[in-house]
Amino acid sequence: MAPINYTNRSSFTAKDSVAYLWKGLNLPPSSLASLQIHGDELCLPSSYKVADLAQASIGLSALLAAQIYALRSSLQIVPTVRVPRRHAAIEFKSERLYTLDADPAPSSWGPIGGLHKSSNGYVRMHDSFPNHRAAATTLLGCASNPDRAAVAAKIATWRSEDLEAAAFAAGAVITALRSYPEWDALPQARAVADFPIILRRIGDGPIGLPQEIRSAAPDKCLRGLRVLELSRVIAAPVSGRTLAAHGADVLWVTSPRLPDLPGIDRDVGRGKRTVQVDLGTETGVAELDALLDGAHVFVQGFRPGSLAARGYSVEKLARRFAHRGIICANLSAYGPAGPWADKRGFDSLVQTCSGMNVSEAEHYGAGEAARAMPCQALDHGAGYFLAAGVQAALYKQATEGGSWEVSVSLAAVMKYLRSLGQYAGRSGFDSGDYRCTSDVPAEYLERRQTGFGEMTAVRHSASIEGAQVGWDVMPKPLGTDKKGWL
């Protein structure tokens, strides 16, 4: 099998990335002059160009917000957008860099997850959710509530690839550690899109911004936009949080049947109202349908196919809302094509299976089998790219009409970050890191009251001339709000 011919974007600056993605989405070229981002300093210790990804993905999403603002306000020139490089990089660690009543953000990692030695290499297990932990321990044949040593002993008897395949089938989340050549040899590697934001028209709809946007106060770029978000963990929730920072009414729907991750939820819940809906009941289905009737955007970040099986496929939604149009935004681990398209996955596992952790360790040069990046860069990059895709679809609705689907995957963000190249040797690790709120410059922080106490957290790094940016509401217990639109 011939090697994959990867696109080389190692000469790209963050601004080059925005220009490349903007043009690829067929957006007005003249608007790029309004983006003010610069710098090449190291901001996080990694061989990967994480700061470039952070500044580019946040810059792209903010420039699209400014584009919508210009459209709704009948401006001839898109307002100036600024994204300080260091602030953007720090925002890629936001779920680790907040305090509540001075207590630091708790870890979301489970007790038995992480890297384990197999009979022929290593695997990484994700066990933050108890159902995934239970599926893994059952697959391994462990006794109830095993400790890490017991789990490690069981994993040591498996071949990495065999355990990965068995985990996929059993509902556990475990992947094999691979090098770049090993990943490139897989059919899934060939199926991952080279362009990280897939945008396609899926149905009819009138031309123009939704009435709720046209009639809303233009203090924020997306004021009046209604976003229904069904998601968990980081990537898809970051997309909703970003849209909320620009004024969207984001209604975060969670399930009373599924566990949450309080440490992460406190951070990604900023800007959102929160409701719980049980889709296992007729009442819950009716509640979600009623919310959908008023939504402009439907964001989902669950395992591919799970919501479609309940009647919420993009095709059905496009037909249902052909009279007014809808935007369906999907976040997945491995993308909509290939043999792993329907598989569960998380940032840490995509880093592991794709060769990133091996290459990071090789650059660091300490003899480690694997080394993780200093942040969940794939999660955050995917979240901002998904928010950008939603806004690109909104712009196209306004100028072309129709219903649109936006698809972003962690694997496609991985592929894009890889295409940016790596710093030579250990040079990328010369930067300091940000491990707690006290490490963060004060001008990048905000202090707000929440439903859990006083929160000090990283504020959004983008600013737009003439428009407010920031969150109107703060985190609260899941299910607190009324099931309806503002």
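The values are calculated or read from the model by the stated rules, or taken from the named source; none is laboratory data. Model, not experiment: these values are computed from the prediction. Backbone-built Cβ (ideal geometry, glycine too); neighbour counts: all protein chains shown. Heavy atoms of the whole protein, side chains included, go into the accessibility calculation; ligands, DNA and RNA do not. Shrake-Rupley method; radii C 1.70, N 1.55, O 1.52, S 1.80 Å.
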Problem - Complete set of residues in segment 255-295 that are of a type in the set (Val, Ile, Thr) and within 16 Å of Trp485 (Cα to Cα) - result: Thr274, Val275, Val277
Handout entry: Search result, residues across segment 314-323 that are part of a helix (DSSP H, G or I) and small (Gly, Ala, Ser)
Key = Ala318
Exercise for the section: Exactly one condition in (1) open to solvent by 20 Å² or more (accessible area, probe 1.4 Å); (2) within 22 Å of Val440 (Cα to Cα); (3) in contact with a Lys or Arg (Cβ under 9 Å, 6 or more places away or on another chain) is not met by Leu42; state its number. Expected result: (3)
Fill in the blank from the handout: Pairs returned, first residue in segment 72-83 that is within 18 Å of Ile37 (Cα to Cα), second residue that is part of a strand (DSSP E or B) and open to solvent by less than 30 Å² (accessible area, probe 1.4 Å), beta-carbon separation under 7 angstrom, 6 or more apart or interchain, are Pro79/Ile464; Pro79/Ala467; Val81/Leu35; Val81/Ile464
Handout entry: Residues located in segment 310-342, provided they are open to solvent by less than 50 Å² (accessible area, probe 1.4 Å), under 18 Å from the mean Cα position of the chain (by Cα) and not β-branched (Val, Ile, Thr)
Key = Cys328, Ala329, Asn330, Leu331, Ser332, Ala333, Tyr334, Gly335, Ala341
Practice task
For residues that are of a type in the set (D, E, K, R), part of a helix (DSSP H, G or I) and open to solvent by less than 50 Å² (accessible area, probe 1.4 Å), tally how many sit in segment 122-169.
Solution key: 1
Exercise for the section: Would you mind finding the one in Ala172, Ala235 that is at pLDDT below 95, buried (at least 24 other Cβ atoms within 10 Å of the Cβ) and touching a helix residue (DSSP H, G or I) at 6+ places or on another chain (Cβ under 6 Å)? Expected result: Ala172
Problem - Matching residues, segment 50-106, being part of a loop (DSSP other than H, G, I, E, B) and open to solvent by less than 20 Å² (accessible area, probe 1.4 Å) - result: Val78, Pro79, Val83, Phe92, Lys93, Leu97, Tyr98
Practice task
Restricting attention to segment 274-313, report how many residues are closer than 30 Å to Ala411 by Cα, part of a loop (DSSP other than H, G, I, E, B) and hydroxyl-bearing (Ser, Thr, Tyr).
Solution key: 3
Practice task
Out of the residues in segment 238-260 that are open to solvent by 10 Å² or more (accessible area, probe 1.4 Å) and among the hydroxyl-bearing types (Ser, Thr, Tyr), state the one that is farthest from the chain's Cα centre (by Cα).
Solution key: Ser255
Handout entry: Of all residues making up segment 181-218, the number that are open to solvent by 30 Å² or more (accessible area, probe 1.4 Å) and aromatic (Phe, Trp, Tyr)
Key = 1
Exercise for the section: Please name all residue pairs, on different chains or six or more residues apart, with Cβ atoms under 6 Å, provided the first residue is in segment 224-239 and is closer than 13 Å to Leu410 by Cα and among the small types (Gly, Ala, Ser) and the second residue is open to solvent by 10 Å² or more (accessible area, probe 1.4 Å) and assigned to a strand (DSSP E or B). Expected result: Ala235/Leu331; Ala236/Leu331
Fill in the blank from the handout: Gly114 vs (1) over 24 Å from the mean Cα position of the chain (by Cα); (2) open to solvent by 10 Å² or more (accessible area, probe 1.4 Å); (3) at pLDDT below 95: all pass except (1)
